[in-house]
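K.L.:
This structure is in structure tokens; I'll ask about it shortly.
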Amino acid sequence: MEELTGDGLTLGDRGSPESAIRARQLRKSYGKFVALDGIDLDIPKGAICGLIGPNGAGKTTVLKSLVGLCDAGGDLAVIGHDPRLAREALMQDACFIADVGVLPKSLRVIDVLDYVDDVHPKFDREKALRFLSTTDIDLRKRVKALSKGMVTQLHLALVMAIDVELLILDEPTLGLDIIYRQEFYDRLLTQFYDGRQTIVISTHQVEEIESLLSHLIFISRGKIVFSTEMEALQRRFVEVAVTPENFSLADELKPIHTRSTLGGKDYLFETDDDEQATPDRRQFERLGRVSTPSVADVFLAKLGGVHE
Amino acid sequence: MSDSSIVTLAARRWRGLLMREIRENRSLMLYAPCLLVLVAILLGLRLFTLFSLERQTAAMDLLFNRFEGINALELAPLLTSAGALNLVFIVGIALSYLATSLYSDRRELSYFFWQSMPISDRATVMSKVATSVLVIPAIYLAILTLGSMILFISAAVYSFSLGVELNGLVELVSTMSIALGFIGLSAVTAMLWLLPAVGWILLFSAYATRVPLLWAIGGLVALSLLEEVVLSSNTIDTWIASRSSPWQYLVFSIDDLGARLFSYDMLFGALLGGILISGAILMRRFAD
Amino acid sequence: MGRQNKSGHRVTFMQRTLRNTLLYNKHTLFIATVTAVLVIIAVEGRLTSREASSQEFENPFFDIQVSPQVRADIR
């Protein structure tokens, strides 16, 4: 397996030099099961970072440990706090939506707003109400009477009305239909994100959030398999639709992954040095049509290596 | 930040924390006491209608006229004792509330929502303690007062229609008010006296993966059995017995309140309760 | 000595020790809490050689001072 786990992300020019999240050798096991096996993270401020991995890879455990809901070992600083010791202070400036996305069922929608209004000094009640007025949610209804999509909308309304530095979303659109999912990310980007916040989103449906990410981390079996900035990813990986007569030529260039298609094969190449990608590209163009691979393709290629 | 705004923030946060408990436990904290008081009123009325008109008139006369000129403080203990059963209800409601208080959010997974608010585990657990010691007795007392007023006003109107004079009205009202106050004080004293039980149940509520109340009771029985078998002593039984009789909680005067609150046994109980509550606070970190 | 971060918390030797013992998991914490309480009860019993007792307070219900007339009516 390729050793890309060591340094994690390097600081990008998108964020300020200070990291929003910095973790070294994050470890967590449940009995004999090792959920996190020495994770290193460096996520700069202002990043929208996707945490991608199959089910059971440890995504949820990483995110929970970032907000102090899971007692992982190792060094950890999240917007300057150690979440294991100062969850209360951290949560003034951070928000978390768990994968289960459950709000207290026996409360009315308005009760939930009242509660957050009372306990969160950075909550803007009017903003939440404005957001909710664009949805079909009845404030007098109990949370248990809302549909899954409505609960997510309510959750989003709460989160967007809190002026936070860091937003952590664990599979936020799991179980939602396509319209709610689209709307969720649209509103998140247009109505919440203004470049100051850092957002970490975990998902196993990467194609949905691919376009909004600035950074990407692949995780599998409690380890970081690969992490990069999106721009670097696009420079670094090349997908070529190769016709059968060029198969042997293409094989010589050591693709990291191949996939059969109608009338040929898609070859995925990783270029050695992403700064000098141009000469490589010409070489690839001789083989067939060159395109930028989707994150999902890179993910499959990288993860295939792990599973072999 | 100025001092006053810090105080305002803290007050708002505590309002939020306590309102959360009330809103999440409406049926136990509001509807159950209402039902109990309503049943008591209906039962009283039913018994009253069994009397002949003559005896009804005599009873009303006794109630509204014979206490004229009496010292309300002297009579109030009688009424307080008559209301001792309310203490059993208050303590019962409080303890069953505590049993689910650190459990139901873990079960329904709303735990993650609560924990994503800037509220420490200590504040969360202490809000449950405050709810059981102060909020539940206060709400119960308010409902009991309302019920007593309804009963009292209907009795007065009925008496008036029977032609009974209402000379001792002032004394009766003040006796009732004092007795209600004593019941409230008794309830808070009882909950403080029961702090070891509060802590014990909270610890199990934070620890158990199902039926926390059953585990809490079972754990206690198991410990006492273990003590009997291993040490052939029964300290735990003595402990339980010493805190179970409702009569000891009845407060009849504010003179001995200080002695009650700061008695050795009360403070020692508070120490044990404090350790158990601390355990429950630390247990929250393992809640996922 | 440990790292200090923005919120002023310091991971001390004590905290690390606690995390590796009592706070290792929910079961160790549970057993530690219950044991602490039992030990304190036992030590207190040994030191003071007294038993836990109910609160004994005068109960004026039994010696209520009302006029004989009223008392007769109440009975």
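The values are calculated or read from the model by the stated rules, or taken from the named source; none is laboratory data. On a predicted model such as this, the values are computed, not experimentally measured, just so you know. Note that each Cβ is placed from the backbone with ideal geometry, even for glycine, and that neighbours are counted across all protein chains shown. Calculation scope for accessible area: heavy atoms of the full protein, side chains included, ligands and nucleic acids excluded. Shrake-Rupley method; radii C 1.70, N 1.55, O 1.52, S 1.80 Å.
K.L.:
What number of residues within region B:241-270 satisfy the criterion of being at the interface with chain C (Cβ under 9 Å from one of its Cβ atoms), surrounded by fewer than 16 Cβ atoms within 10 Å (Cβ to Cβ), assigned to a helix (DSSP H, G or I) and without any contact (Cβ under 8 Å) to a residue 40 or more places away in the chain?
P.N.:
Residues that pass the stated criteria total 3.
K.L.:
Scan region A:248-267 and tell me whether some residue there is within 29 Å of residue A:153 (Cα to Cα) and outside any strand (DSSP E or B).
P.N.:
Checked region A:248-267: no residue is within 29 Å of residue A:153 (Cα to Cα) and outside any strand (DSSP E or B).
K.L.:
Taking residue B:204, is it over 27 Å from residue B:276 (Cα atoms), in a helix (DSSP H, G or I), over 18 Å from the mean Cα position of the chain (by Cα) and not β-branched (Val, Ile, Thr)?
P.N.:
No: the conditions fail for residue B:204.
K.L.:
For residue B:118, work out the one condition from (1) farther than 24 Å from residue A:87 by Cα; (2) within 14 Å of chain A (Cβ to nearest Cβ) it doesn't fulfil.
P.N.:
(1)
K.L.:
Also: Output the number of residues of region A:176-220 satisfying the condition of being open to solvent by 50 Å² or more (accessible area, probe 1.4 Å), out of contact with any Pro (no Cβ under 9 Å at 6 or more places or on another chain) and in contact (Cβ under 8 Å) with a residue 40 or more places away in the chain.
P.N.:
Taking region A:176-220 as the starting set, the residues that turn out to be open to solvent by 50 Å² or more (accessible area, probe 1.4 Å) are A:177-180, A:182-183, A:186, A:189-191, A:193-194, A:196, A:204-205, A:207, A:211.
Narrowing the set further to residues that are out of contact with any Pro (no Cβ under 9 Å at 6 or more places or on another chain) leaves A:177-180, A:182-183, A:186, A:189-191, A:193-194, A:196, A:205, A:207, A:211.
Now narrow it down to the ones that are in contact (Cβ under 8 Å) with a residue 40 or more places away in the chain: A:191, A:193, A:196, A:207.
Residues meeting the conditions: 4.
K.L.:
When you go through (1) touching a helix residue (DSSP H, G or I) at 6+ places or on another chain (Cβ under 7 Å); (2) open to solvent by 50 Å² or more (accessible area, probe 1.4 Å); (3) not small (Gly, Ala, Ser) one by one for residue A:134, which number turns out not to apply?
P.N.:
(1)
K.L.:
If I filter region B:262-282 for residues that are among the aliphatic types (A, V, I, L, M), under 24 Å from residue C:45 (Cβ atoms), at pLDDT 95 or above and out of contact with any helix residue (DSSP H, G or I) (no Cβ under 6 Å at 6 or more places or on another chain), do I get at least one hit?
P.N.:
yes
For (1) under 27 Å from residue A:83 (Cα atoms); (2) open to solvent by 10 Å² or more (accessible area, probe 1.4 Å), each residue gets a yes or a no:
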residue: A:124; (1), (2): yes, yes
residue: A:128; (1), (2): yes, no
residue: A:145; (1), (2): no, yes
residue: A:174; (1), (2): yes, yes
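K.L.:
Scan region B:67-90 and tell me whether some residue there is under 30 Å from residue A:144 (Cα atoms) and either touching a Ser or Thr at 6+ places or on another chain (Cβ under 7 Å) or not acidic (Asp, Glu) (or both).
P.N.:
Residues of region B:67-90 that are under 30 Å from residue A:144 (Cα atoms), as a first pass: B:89-90.
The next check asks that each one be either touching a Ser or Thr at 6+ places or on another chain (Cβ under 7 Å) or not acidic (Asp, Glu) (or both); those that pass are B:89-90.
Yes: region B:67-90 contains one or more residues that are under 30 Å from residue A:144 (Cα atoms) and either touching a Ser or Thr at 6+ places or on another chain (Cβ under 7 Å) or not acidic (Asp, Glu) (or both).
Conditions tested, residue by residue: (1) under 30 Å from residue B:84 (Cα atoms); (2) in contact with a helix residue (DSSP H, G or I) (Cβ under 7 Å, 6 or more places away or on another chain).
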residue	(1), (2)
B:184	yes, yes
B:188	yes, yes
B:194	yes, yes
B:200	yes, yes
B:203	yes, yes
B:215	yes, yes
B:221	yes, no
B:228	no, no
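K.L.:
Same structure, new question: Can you say whether residue C:55 is over 27 Å from residue B:208 (Cβ atoms), loosely packed, with under 12 Cβ neighbours inside 10 Å and either modelled with pLDDT under 60 or facing chain B (nearest Cβ under 7 Å) (or both), as far as the supplied structure shows?
P.N.:
no
K.L.:
Further question on the same structure: What do you reckon, is residue A:240 among the β-branched types (Val, Ile, Thr), at pLDDT below 85, surrounded by 15 or more Cβ atoms within 10 Å (Cβ to Cβ) and part of a strand (DSSP E or B)?
P.N.:
Spelling it out, it is not the case that residue A:240 is among the β-branched types (Val, Ile, Thr), at pLDDT below 85, surrounded by 15 or more Cβ atoms within 10 Å (Cβ to Cβ) and part of a strand (DSSP E or B).
K.L.:
Residues of region B:1-33 being crowded, with 17+ Cβ neighbours inside 10 Å and either among the hydroxyl-bearing types (Ser, Thr, Tyr) or more than 14 Å from chain A (Cβ to nearest Cβ) (or both), which ones?
P.N.:
Of everything in region B:1-33, those that are crowded, with 17+ Cβ neighbours inside 10 Å and either among the hydroxyl-bearing types (Ser, Thr, Tyr) or more than 14 Å from chain A (Cβ to nearest Cβ) (or both) turn out to be B:32, B:33.
K.L.:
Kindly state which helices (runs of 4 or more DSSP H) lie completely within region A:82-168 and contain at least 3 residues that are more than 13 Å from chain B (Cβ to nearest Cβ).
P.N.:
Output list reads A:125-133, A:148-160.
K.L.:
Sticking with this structure for a sec: Of all residues in region B:185-209, count the ones that are in contact (Cβ under 8 Å) with a residue 12 or more places away in the chain and either open to solvent by less than 10 Å² (accessible area, probe 1.4 Å) or closer than 21 Å to residue B:111 by Cβ (or both).
P.N.:
Step one: of region B:185-209, the residues in contact (Cβ under 8 Å) with a residue 12 or more places away in the chain are B:185-208.
Going one step further and asking which of them are either open to solvent by less than 10 Å² (accessible area, probe 1.4 Å) or closer than 21 Å to residue B:111 by Cβ (or both), we end up with B:186-187, B:189-191, B:193, B:198-199, B:201-208.
Counting residues in region B:185-209 that are in contact (Cβ under 8 Å) with a residue 12 or more places away in the chain and either open to solvent by less than 10 Å² (accessible area, probe 1.4 Å) or closer than 21 Å to residue B:111 by Cβ (or both) gives 16.
K.L.:
For region B:220-236, what are the residues that are open to solvent by 60 Å² or more (accessible area, probe 1.4 Å) and charged (D, E, K, R)?
P.N.:
B:228
K.L.:
Another question, if that's okay. Would you pick out the residues in region A:63-100 that are open to solvent by 10 Å² or more (accessible area, probe 1.4 Å), closer than 21 Å to residue C:26 by Cα and of a type in the set (Gly, Ala, Ser)?
P.N.:
A:68, A:73, A:74 - these are the residues of region A:63-100 that are open to solvent by 10 Å² or more (accessible area, probe 1.4 Å), closer than 21 Å to residue C:26 by Cα and of a type in the set (Gly, Ala, Ser).
K.L.:
Could you please give the count of residues in region A:255-284 that are open to solvent by 30 Å² or more (accessible area, probe 1.4 Å), farther than 22 Å from residue A:217 by Cβ and at pLDDT 80 or above?
P.N.:
7
K.L.:
What single numbered condition from (1) surrounded by fewer than 20 Cβ atoms within 10 Å (Cβ to Cβ); (2) under 17 Å from the mean Cα position of the chain (by Cα); (3) touching a residue at least 40 places away in the same chain (Cβ under 8 Å) fails to hold for residue A:224?
P.N.:
Tallying (1) surrounded by fewer than 20 Cβ atoms within 10 Å (Cβ to Cβ); (2) under 17 Å from the mean Cα position of the chain (by Cα); (3) touching a residue at least 40 places away in the same chain (Cβ under 8 Å), residue A:224 fails exactly one: (1).
K.L.:
Which residue is modelled with the lowest pLDDT, if the candidates are limited to region B:52-103 and must be open to solvent by less than 50 Å² (accessible area, probe 1.4 Å) and outside any helix (DSSP H, G or I)?
P.N.:
The residue in question is B:67.
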